[in-house]
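Encoded as structure tokens, the structure appears first; notes follow it.
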Amino acid sequence: MAASTSLSTPSRLPLGLLALTAGSFGIGTTEFVIMGLLLQVSADLGVTIASAGLLISGYALGVAVGAPVLTLATRKLPRKTVLLALMAIFTLGNLACALAPDYGSLMAARVITSMAHGTFFGVGSIVATGLVAPERKASAIAIMFSGLSLATLLGVPAGAWLGLHYGWRSTFWVVTLIGLLAFVVLAIFVPRSAAENGTTSIRQELAGLARPQVLLGLLMTVLGFAGLFAIFTYIQPILTQITGFSEAAVSPILLVFGGGFFVGNLLGGRLADRGLRMSLLLTLAALALVLGVMGFVLHSPVATVVFVGLLGAASFATVAPLQMRVLQQAHGAGQNLAASLNIGAFNVGNALGAWLGGLVVSSSFGLGGLSWLAALITVVGLAVALYSLSRDKAEVHAIPATC
């Protein structure tokens with residue numbers, strides 16, 4: 001129980017939680033860095049920007065497929081062993097990306113890399129909540145996911161800079177090294193006592209997943225992040241072709257986005273610890289508002305930079321509430337699968353948003369229509385959240401009648 005109380009003082013974090021954060025940093029860098037490399041990849045491999053954008057969709061779909069398959073296949077293994085195996089897959093996949101000779105090979109390598117993503121964050125979320133006191137579970141998830149926000153704050157801008165000056169392959173070589181370092185940190189600091197093997201059967205896992213509220217939670221996640229990625233997938237051409245920034249300015253602006261990610265992630269965790277229901281509504285509503293207003297400011301360089309930061313904060317503030325909602329509704333038996341599938345849902349949202357955004361970019365609306373699409377998708381996600389929470393109240397009132 002010592003691990004559970006080690007976070008009783010905010011100044012001291014369990015080393016295992018920080019190790020999980022290091023792993024999420026590496027995976028987050030791989031997931032997001034391609035967004036700052038679209039122009040270089042499309043030019044080098046002779047494909048359109050929209051086709052290069054599908055590298056994001058391919059990765060996201062790989063996460064969605066890999067999450068349930070690997071979670072069920074590894075459910076009886078020690079969770080620390082699972083985390084290390086997944087980090088090894090991640091590292092080898094990035095090595096294959098760096099060596100990819102053509103677009104098809106790069107797509108295949110991205111998909112292989114992505115297979116580890118969902119289960120890593122799903123299993124990691126369970127391990128993270130086991131390292132802290134019960135009233136800080138959402139904050140523990142937020143701290144682990146802060147690796148993703150640090151990836152956008154540091155990894156993605158650095159990767160975009162490397163791609164601009166040394167070619168996009170150099171970025172994947174560096175990410176491969178990050179994977180090796182993360183593997184070592186996880187091996188040393190994640191305690192086996194907090195990452196023991198699971199005891200649930202496949203039937204129990206699937207039964208937990210089949211609960212309507214879990215499915216609604218997954219749908220919220222898909223729609224929330226589809227809204228974000230409908231516009232963020234194409235942030236490089238938006239900044240250069242609409243706002244008028246140079247390609248060299250993209251990296252510093254992505255740094256602003258990453259800063260917003262970091263702040264929003266921690267804020268979302270604290271809000272969820274104080275009140276999960278309200279945090280869901282507030283964060284989704286804030287994201288829809290930012291996306292809607294952003295369409296009015298894209299021709300102003302200063303306002304665009306401000307709203308890029310707000311977009312990062314609003315989008316990642318939703319992560320801890322969405323993940324905790326699914327874990328809460330899945331209860332004990334189905335939490336492993338539900339947690340991993342919710343990570344897959346984030347990435348289905350990424351793929352859906354990138355695909356829908358590509359349709360808009362290829363239409364008469366062009367890049368300028370992306371913010372309206374993104375806001376509309378997120379509003380639908382907010383409507384699903386309102387419906388799901390109303391079902392909570394209906395179920396609570398129905399309990400006495402069934403007793």
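The values are calculated or read from the model by the stated rules, or taken from the named source; none is laboratory data. Because the structure is predicted, anything quoted here is derived from the model rather than measured. Glycine gets a Cβ as well: all are built from the backbone with ideal geometry, and neighbour counts include every protein chain shown.
Residues of the stretch 42-65 include none that is closer than 16 Å to ILE178 by Cα and modelled with pLDDT of 80 or more. How about the stretch 256-275: which of its residues are surrounded by 17 or more Cβ atoms within 10 Å (Cβ to Cβ) and either over 19 Å from the mean Cα position of the chain (by Cα) or under 17 Å from ALA374 (Cα atoms) (or both)? Matches in the stretch 256-275: PHE257, ASP273. The helices (runs of 4 or more DSSP H) falling completely within the stretch 112-174 that include 1 or more residues that are of a type in the set (Ser, Thr, Tyr) and at pLDDT below 85 map to 117-129, 137-150. Can you confirm whether GLY344 is free of Cβ contacts under 8 Å to residues at least 60 places away in the same chain, out of contact with any Lys or Arg (no Cβ under 9 Å at 6 or more places or on another chain), of a type outside the set (Val, Ile, Thr) and under 20 Å from GLY227 (Cβ atoms)? Against the criterion (free of Cβ contacts under 8 Å to residues at least 60 places away in the same chain, out of contact with any Lys or Arg (no Cβ under 9 Å at 6 or more places or on another chain), of a type outside the set (Val, Ile, Thr) and under 20 Å from GLY227 (Cβ atoms)), GLY344 does not qualify. Determine whether the stretch 95-104 contains at least one residue that is part of a helix (DSSP H, G or I), at pLDDT 85 or above and surrounded by 24 or more Cβ atoms within 10 Å (Cβ to Cβ). Yes, the stretch 95-104 contains a residue that is part of a helix (DSSP H, G or I), at pLDDT 85 or above and surrounded by 24 or more Cβ atoms within 10 Å (Cβ to Cβ). Would you mind telling me which numbered condition in (1) more than 24 Å from ARG325 (Cα to Cα); (2) crowded, with 24+ Cβ neighbours inside 10 Å; (3) of a type outside the set (A, V, I, L, M) GLY124 fails? With (1) more than 24 Å from ARG325 (Cα to Cα); (2) crowded, with 24+ Cβ neighbours inside 10 Å; (3) of a type outside the set (A, V, I, L, M) applied to GLY124, the lone miss is (1). Scanning the stretch 24-51 for residues that are buried (at least 23 other Cβ atoms within 10 Å of the Cβ), small (Gly, Ala, Ser) and over 15 Å from SER114 (Cβ atoms) returns a single hit, GLY36. Just wondering, is there one or more residues in the stretch 287-297 that are touching a residue at least 60 places away in the same chain (Cβ under 8 Å), more than 30 Å from SER246 (Cα to Cα) and over 15 Å from the mean Cα position of the chain (by Cα)? No. Screening ALA108 against (1) touching a residue at least 24 places away in the same chain (Cβ under 8 Å); (2) part of a helix (DSSP H, G or I); (3) over 18 Å from the mean Cα position of the chain (by Cα) leaves a single unmet condition, (1).
If the condition is being under 12 Å from PHE257 (Cβ atoms) and among the polar types (S, T, N, Q), then the stretch 145-170 contributes SER149, THR152.
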